[in-house]
Amino acid sequence: MQDTPPASPNIEQTPTGGQPSPAAARQDGQIDAMPSQEELLRQAELKAEEHHDAWLRAKAETENLRRRAQEDIAKAHKYAAEKFASEMLPVKDSLEAALTAENSTAESLRNGVELTLKQLIAAFEKSGLAEINPLGEKFDPHKHQAISAIEDEGEPNRVLNVLQKGYGLNDRVIRPALVVVSKAKSA
């Protein structure tokens, strides 16, 4: 008896190192695991094109956001005084009406000025503009500007006289009050 190996059906001879040839793999129903270099290059180019398009869209969106932000800032600067201006218009109207009034007496003129002053104070309050009138208070260099110091009884650094009222806008001093302060008497 001769020992002969059993013949294997449908096994093709492999040309190199035991790997089945592509034809043999296709015959077995297997799919090629490795795409060709041309296919890899085409896929890489498609991905690069997608990324480039996404980058262009992101860049355009950033430019639009920057442009809109600049426009908003410009509008905010341009119309910052709009509210205050609208509050001041009745004051101007009252002053013009007072100037056009005929046969006005000194008393009626005074009453008109007082009403106009009330309108002005209301406009200031609505706009966050507050008066600084520190008479009798302790001197505060952040809110007051001392013009001179006078010897006086009592605690030094008190505001004795207000020469000009100051104003603050929403807790920011826009004009300090001009004041005269007290100083201790010299012995």
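A few points about this structure:
- For segment 46-71, the candidate set comprises residues that are acidic (Asp, Glu) and open to solvent by less than 100 Å² (accessible area, probe 1.4 Å); within that set, the residue that is nearest to Glu125 (Cα to Cα) is Glu71.
- Residues being modelled with pLDDT under 95 and open to solvent by less than 100 Å² (accessible area, probe 1.4 Å) - total across segment 72-81: 3
- Strands (runs of 3 or more DSSP E) fully within segment 87-171 counting 3 or more residues that are open to solvent by 60 Å² or more (accessible area, probe 1.4 Å) and on the phi < 0 side of the Ramachandran plot: 144-151, 159-164
- Where a residue in segment 160-187 is more than 25 Å from Phe124 (Cβ to Cβ) and its partner, wherever it lies, is open to solvent by 40 Å² or more (accessible area, probe 1.4 Å) and not in a strand (DSSP E or B), with Cβ under 6 Å and at least six apart: Val181/Phe139; Val181/Asn157; Ser182/Asp152; Ser182/Pro156; Lys183/Pro156; Ala184/Pro156
- Any hit, segment 71-94, residues being in contact with a strand residue (DSSP E or B) (Cβ under 9 Å, 6 or more places away or on another chain) and among the hydrophobic types (A, V, I, L, M, F, W, C): yes
The values are calculated or read from the model by the stated rules, or taken from the named source; none is laboratory data. Remember, predicted model here, so these are calculated numbers, not experimental data. Note that we place each Cβ from the backbone using ideal geometry, even for glycine, and neighbour counts take in every protein chain shown. Ligands, DNA and RNA are stripped out before the accessible areas are found, and what is left, the full protein with its side chains, is counted by its heavy atoms. Shrake-Rupley method; radii C 1.70, N 1.55, O 1.52, S 1.80 Å.
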